[in-house]
Every structure is written in C-alpha cells, then in structure tokens.
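Every read-out reported here was derived from the displayed coordinates using simple, explicitly stated rules and does not represent laboratory data. Here the structure is a predicted model, which is why all the values come from computation and not from measurement. Every residue, glycine among them, receives a Cβ derived from its backbone with ideal geometry; neighbour counts consider all protein chains shown.
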Amino acid sequence: MLIKSMLENPIDIRYSGEDPDEKILYVFRQSFLVNIPWLFFSIVLCFAPFLILPLVPNFINPGFKFSSTLFWYLIVFGYGLQNFLNWFFNVYIISNKKIVDVDFQGILYKKISEAPLKSIEDVTSTVKGIVGVVFNIGNVYIQTAAENREFEFDFLDNPSKVRDIISDLVAKKRGHN
C-alpha cells in the first residue's frame, strides 16, 4: 500500500539518479498523523461558505455567489492537493548502496540528496513531545562524511527501528557484524 509510512522491499519504485545495480530496500515517508492539521483545516474551510453566504446581501447576483463559492472550493481543493502531494512525494529511501532524501515542495521544486552507506558516521533518533511519545513519532538524524553533512528524516513512525535498520546496513557495508 502506497499510503504506508514504511515500505520494505518495494516493487516498481524508482528515483531520479538511481544506479542500475542499486536495489531499494526501504522507502519511508512521514507519519500519516502529520496530515491531520491540514485535513482538519481543509474541512473547516469547506464549511466556510455555509457560514458566510447567509450574511451576503440579497441584491448580490446569484450567479456571482455561485461562481465565488465554486472558486472558493477550487482553492480549498488546491490547498488540500498541494499538502497531500508534499506528504506523499517527500520520501526517504534506503538502498543497498546509499541513503536518499527526496524533498518535494510544490509542483515546481524537487531536491534529491544522497550519501553512500559507507560514509555514514552516526545515526541518532529522537522522540519528543506528547504526540511523539504517545504515537512513537520522531526524527532520525544521520551524520555523514559526505558533501551533505547531515540528513534529517522528519516525523517518522518508529524512529528507533529506522535508526537500527540504517545502523545495521552501515555495519554490514563496512564488514562488521
């Protein structure tokens, strides 16, 4: 299922810059719970015309009321779609060769950062706040010796498991048990 926050050995998932002999082992995305604020706000925005239209004077053209309401829902739909796409396409990929951070912001901006597993020096996970502790959501920080010094995987489900996966792959890559 593509909505899951962790996919193990995904099939038919590729990213720009993937090596031909590379195998994607894990794909992570932020916890689905990070979507609750914008989903709630979108629902509230959907009810706004029902509260505002009764206050509009009757001499306003009904066609204008209809078209402005339609425009309002188009804006709300665009807001929701943009937030969903940002969540869905911001992914963290772990392959047999490297880690990859794909940042998707808006429709016109995509940033891909990667570092080889052998250059990873330290992996740290943090869980903080009430929501983080209750739902086990946190961040994973990866220190590297590569050009990008630090990777930050934000708002992941079970960040300690992700930390362990990365640490085990790094140890395996370096020949440690």
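Structural remarks
- Note, ³J(HN,Hα) from phi for region 48-62, Karplus 6.51, -1.76, 1.60, rounded to Hz, x at Gly and Pro: 4, x, 5, 8, 8, 4, x, 8, 6, x, 5, 6, 6, 4, x
- The 3J(HN,Hα) values that the Karplus relation (6.51, -1.76, 1.60; θ = phi - 60°) gives for region 104-121 are, in residue order, 10, 10, x, 7, 9, 9, 9, 10, 10, 10, 9, 8, x, 4, 5, 8, 6, 9 Hz. Gly and Pro appear as x.
- Global geometry of region 37-84, whether rounded, prolate or oblate, following the gyration tensor of its Cα atoms and the 1.5 cut on a/c: oblate
- For region 1-96, with +1 on Lys and Arg beta carbons and -1 on Asp and Glu, the positive-most of 9, 87, 44 along the dipole: 44
- Under 5 Å between amide hydrogens, built in the peptide plane, is the criterion, and for residue 90 it picks out 104 among residues at least 5 positions away or on other chains.
- In sequence order, region 26-32 has phi-based couplings of 9, 10, 10, 9, 4, 4, 4 Hz under the Karplus curve 6.51 cos²θ - 1.76 cosθ + 1.60, θ = phi - 60°, and Gly or Pro positions carry x.
- Reported label for calculated Kirkwood radius over Cα pairs in Å given (i) 18.7; (ii) 19.4; (iii) 16.8: (i)
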